[in-house]
Amino acid sequence: MKKLIGEANELVSQMVEGMVHAHPDVYGRVEGVNVICRADGAKSGKVGLVSGGGSGHEPAHAGYVGDGMLDAAVCGEVFTSPTPDMVLEGIKAADGGNGVLLVVKNYAGDVMNFELAA
């Protein structure tokens, strides 16, 4: 099977940029990391929702950022958990002052790295 991608080591970053450029009214990006957040920022008075994990199964997790859904999605490399530092950036992007709930799947790398970030 052939795939149309640019540089393999830039795949996730290009996916994040593409989503932001295609839907700037919905998505924003945390500068310097592969974290997609709401274009309108964290909502004051709302508990922020953050999830994430390895990329390669889009639209999970970035496709679930938006009104009434996630406030930020942390996009790890393909099939690789995001680092604790990346998760922390997602938490900061989603924090509107009432705390942040992390939605973590039962993958050992995600559990470990999201727990370290929390």
Handout entry: Pairs, first under 23 Å from K3 (Cβ atoms) in region 44-68, second open to solvent by less than 30 Å² (accessible area, probe 1.4 Å) and among the acidic types (D, E), C-beta under 7 Å, six or more apart
Key = G53/D110
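Looking only at region 47-79, filter to residues that are exposed (fewer than 14 other Cβ atoms within 10 Å of the Cβ) and not hydrophobic (A, V, I, L, M, F, W, C); which one of those is farthest from L11 (Cα to Cα)?
Of everything passing the filter in region 47-79, G68 is farthest from L11 (Cα to Cα).
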Practice task
Within region 21-63, count every residue that is touching a helix residue (DSSP H, G or I) at 6+ places or on another chain (Cβ under 6 Å) and of a type in the set (D, E, K, R).
Solution key: 1
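The values are calculated or read from the model by the stated rules, or taken from the named source; none is laboratory data. No experiment lies behind these values; they were computed from the predicted model shown. A quick note on method: Cβ atoms are made from the backbone with ideal geometry, for glycine too, and the neighbour counts reach across all protein chains shown. Ligands, DNA and RNA are stripped out before the accessible areas are found, and what is left, the full protein with its side chains, is counted by its heavy atoms. Shrake-Rupley method; radii C 1.70, N 1.55, O 1.52, S 1.80 Å.
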